[in-house]
Amino acid sequence: MSKDLPAALPSRGVRGDPAPGLDRMRAVLLLAGAASIPVGLLLPAHWGWENSWIENLQVLILLLGFSCAAMLLRRSPGRRDRLLWLGIAPVWLLVAARELSWGAVFAEPLAFTAEGPQFSSNTLWFKPYVYGLAGAALGTCAGLLAAARLDRVIGQMLRHGAFPWAEALVVLLAAMGSSLAEGHLGWDANALGDQAQVLEELLELVGYMALVLAQARVAWSLRSTAQEDVRSGRGTRK
C-alpha cells in the first residue's frame, strides 16, 4: 500500500455528507463550555460533592468514551487502527477509576463534613499497587500508540484540516478552569466560596464531553480517509 496521503478531505466528507451530527454536537459543546462558569456559580453547592450526580455523570461519560473506543477497535479493518483504539480504550477506564477514587466511593464515607461525604482510597487494601499498575497500563498504551504511529495519524488530520481544534481547546480551558476552582495555579479558590467544588466538577464534566467528541472526530477522519483510499485504489490500511 502506498503511504502517500490522499487528497485533502472536503470539509463535509468524502461523499459530500457532513460528519454525522458532529458539527451540531460541537456547537452544543461550545455552548456548554461557555455556560459552565455562570451555571456552576448558581447550582446548589451540594451538587459538587463527592459521589454526587455530576461526578457520577462524569463516570458515565468516561465509560461512554471507553465503549466507543472498544466498538471502534472491534470494527477497525486495519492493524494500525486496531492498535490505535487498543491504546486509547484503557485510558478511559483508568480516568473513570480515578474519578471513583479507585473504588473507595463504593464504601461507607469516612466522614461527612460541610463539603459532603469524605472518601479515601488509602483505606483500600490494594492501594499500594494502584499507581504501579496504572503506570504499567499507561506505558503499555503509550507503546501501542507508538506502534500505531499516532504521530502520523495526527499529521494526517492536520493536513486534511480534520484535527479537533475546538474540542482540544475546550479540554484545555476546562482543565485550567477546574484547576483554578480547586485552588491550584496560584488562585485562591476561597473567593468562590461553596461554589468552588461544584464549578470544578462541572468543568471536568465539560472536559470529558469534549474528549468523547474529539475521539468521535478522530474516528470519522480515519474512516473518511479509508473510504478515500478505496475510491482512489490505494486499498485498506494494514
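The values are calculated or read from the model by the stated rules, or taken from the named source; none is laboratory data. As the structure is a prediction and not an experimental result, all values here were calculated from the model. Neighbour counts are summed over all protein chains in view; Cβ atoms, including those assigned to glycine, are modelled from backbone coordinates with ideal geometry. Side chains are part of the model used for accessible areas, which takes the heavy atoms of the whole protein and leaves out ligands, DNA and RNA. Shrake-Rupley method; radii C 1.70, N 1.55, O 1.52, S 1.80 Å.
Take the residues in segment 108-142 that are among the hydrophobic types (A, V, I, L, M, F, W, C) and outside any helix (DSSP H, G or I); name whichever of them is surrounded by the most Cβ atoms within 10 Å (Cβ to Cβ).
If we filter segment 108-142 for residues that are among the hydrophobic types (A, V, I, L, M, F, W, C), which is where we start, we get 110-112, 114, 119, 124-126, 130, 133-134, 136-138, 141-142.
Those still in the list that are outside any helix (DSSP H, G or I) too: 110-112, 114, 119, 124-126.
Working: Leu110: 13, Ala111: 10, Phe112: 10, Ala114: 7, Phe119: 21, Leu124: 15, Trp125: 6, Phe126: 10.
This residue is Phe119.
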Return the pairs, sorted by first residue and then second, in which the second residue is open to solvent by 60 Å² or more (accessible area, probe 1.4 Å) and of a type in the set (A, V, I, L, M), the first residue lies in segment 53-68 and is in a helix (DSSP H, G or I), the beta carbons are less than 7 Å apart, and the residues are 6+ apart or on different chains.
Ile61/Met209; Gly65/Leu211; Phe66/Leu93
Subset of segment 163-202 [of a type in the set (A, V, I, L, M, F, W, C), more than 13 Å from Gly48 (Cα to Cα), modelled with pLDDT under 90 and open to solvent by less than 40 Å² (accessible area, probe 1.4 Å)]:
Ala189
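Among the residues of segment 70-83 satisfying the criterion of being part of a helix (DSSP H, G or I) and either of a type in the set (Ser, Thr, Tyr) or under 14 Å from Trp220 (Cβ atoms) (or both), which is most open to solvent (accessible area, probe 1.4 Å)? So that I can check it myself, show each step before the final result.
Let us first name the residues in segment 70-83 that are part of a helix (DSSP H, G or I), namely 70-75, 79-83.
From what is left, the residues that are either of a type in the set (Ser, Thr, Tyr) or under 14 Å from Trp220 (Cβ atoms) (or both) are 71-72, 75, 81.
Numbers: Met71: 82, Leu72: 41, Arg75: 178, Asp81: 10 Å².
Per the criteria, the residue is Arg75.
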Pairs needed: first member in segment 198-225, more than 15 Å from Val28 (Cα to Cα) and of a type outside the set (Val, Ile, Thr); second member anywhere, in a helix (DSSP H, G or I) and open to solvent by 20 Å² or more (accessible area, probe 1.4 Å); C-beta distance under 6 Å; at least 6 residues apart or different chains.
Ala219/Leu72
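Return yes or no: is Val105 in contact (Cβ under 8 Å) with a residue 40 or more places away in the chain, open to solvent by less than 30 Å² (accessible area, probe 1.4 Å) and touching a strand residue (DSSP E or B) at 6+ places or on another chain (Cβ under 9 Å)?
Yes.
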Quick check on my filter: what residues within segment 191-215 are in a helix (DSSP H, G or I) and farther than 16 Å from Leu60 by Cβ?
Ala191, Leu192, Gln195, Ala196, Gln197, Val198, Leu199, Glu200, Leu203, Ala214
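Within segment 151-162, track down each residue that is in contact (Cβ under 8 Å) with a residue 24 or more places away in the chain and open to solvent by less than 60 Å² (accessible area, probe 1.4 Å). Give the derivation first.
At the first step, the residues of segment 151-162 found to be in contact (Cβ under 8 Å) with a residue 24 or more places away in the chain are 153, 156-157, 159-162.
Val153, Gln156, Met157, His160, Ala162, listed by residue number.
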